[in-house]
Amino acid sequence: MKHAMIDIETLGTAPGCIVLTVGAARFDPKTGETDSHFYEAISFKNSVLKGLICNPNTYDWWQKQHEEARKAAFAGEKTLNEVAISFASWARKEHIEHWWCQGSDFDFPIWEAAMLLAGQNAAPWKFWQKRDTRSLYAVAEFDYQNWPREGTYHNALDDSLHQIRCVHECYRRIGIAEKP
């Protein structure tokens with residue numbers, strides 16, 4: 001298991017926006033199994049003090065989301081620095097070779113910018129280690145929006161776990177998943 005899925009929940013859509021939560025899980029795309037999870041919520045106040053931006057439209061969007069998701073997203077008490085250090089430590093310990101997210105132009109660049117602001121020299125991945133679920137979905141002709149869902153929408157860890165199930169299903173469809 002040398003793959004990890006990352007998902008973040010934010011108050012914007014570009015690097016420099018507030019990151020509310022970070023969720024990740026180490027997994028095997030051929031079996032769909034996970035064996036290590038990461039989840040942290042970041043203090044809104046600390047993020048503002050660090051100079052991160054809140055997009056008013058994204059804030060309004062959050063007000064329309066499920067109460068459970070809102071509570072989790074805005075419950076952060078740890079500083080951005082604490083969460084970035086904790087994430088970097090988790091990533092080192094897990095020895096990840098391939099990092100996945102849903103859309104390479106969102107989670108990766110936003111979290112990279114936040115980690116740099118938090119004093120981390122770099123994200124734990126190199127450019128050649130990044131993988132994008134949406135490209136895989138297209139190759140497998142897979143409609144992820146109609147795949148059975150578990151957990152809370154817009155909870156970073158639940159979203160990561162759902163995306164892992166989708167990646168595994170794509171591997172199965174293109175014939176590279178392990179047989180049950």
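A few points about this structure:
- Verdict on residue 118 being open to solvent by less than 50 Å² (accessible area, probe 1.4 Å), touching a residue at least 60 places away in the same chain (Cβ under 8 Å), over 20 Å from residue 165 (Cβ atoms) and touching a helix residue (DSSP H, G or I) at 6+ places or on another chain (Cβ under 6 Å): yes
- Consider the stretch 1-18 and keep the residues that are among the charged types (D, E, K, R) and outside any loop (DSSP other than H, G, I, E, B). The one that is nearest to residue 101 (Cα to Cα) is 7.
- Criterion: open to solvent by 40 Å² or more (accessible area, probe 1.4 Å) and hydrophobic (A, V, I, L, M, F, W, C) - qualifying residue of 88, 113, 138, 72: 138
- Unique residue being within 17 Å of the chain's Cα centre (by Cα) and more than 30 Å from residue 63 (Cα to Cα) when the list is 142, 127: 127
- Odd one out for residue 81, checked against (1) at pLDDT 95 or above; (2) more than 17 Å from the chain's Cα centre (by Cα); (3) loosely packed, with under 13 Cβ neighbours inside 10 Å: (3)
- Selection of first residues in the stretch 1-18 that are without any contact (Cβ under 8 Å) to a residue 40 or more places away in the chain and over 19 Å from residue 153 (Cβ atoms) and of second residues that are open to solvent by 10 Å² or more (accessible area, probe 1.4 Å) and basic (Lys, Arg), restricted to Cβ pairs under 8 Å at least 6 apart or on distinct chains, gives the following pairs, ordered by first then second residue: 1/26.
- Leading residue by the ranking (surrounded by the fewest Cβ atoms within 10 Å (Cβ to Cβ)) among those in the stretch 30-52 that are farther than 24 Å from residue 117 by Cβ and out of contact with any strand residue (DSSP E or B) (no Cβ under 7 Å at 6 or more places or on another chain): 31
- Failed condition for residue 62, given (1) among the hydrophobic types (A, V, I, L, M, F, W, C); (2) over 20 Å from residue 108 (Cβ atoms); (3) touching a Cys at 6+ places or on another chain (Cβ under 6 Å): (3)
- The residues in the stretch 141-163 that are in a loop (DSSP other than H, G, I, E, B), open to solvent by less than 70 Å² (accessible area, probe 1.4 Å) and not β-branched (Val, Ile, Thr) can be counted, and the count is 5.
- Qualifying residue in the stretch 28-43 (condition: part of a helix (DSSP H, G or I) and in contact (Cβ under 8 Å) with a residue 24 or more places away in the chain): no
- Lone unmet requirement of (1) over 17 Å from residue 6 (Cβ atoms); (2) of a type outside the set (Gly, Ala, Ser); (3) surrounded by fewer than 15 Cβ atoms within 10 Å (Cβ to Cβ); (4) touching a Lys or Arg at 6+ places or on another chain (Cβ under 9 Å) for residue 62: (3)
The values are calculated or read from the model by the stated rules, or taken from the named source; none is laboratory data. Predicted model only: the values in this text are computed from it and were never measured. Note: ideal-geometry Cβ built from the backbone for every residue, glycine included; neighbour counts use all protein chains shown. Ligands, DNA and RNA are excluded from the accessible area calculation, which covers all protein heavy atoms including side chains. Shrake-Rupley method; radii C 1.70, N 1.55, O 1.52, S 1.80 Å.
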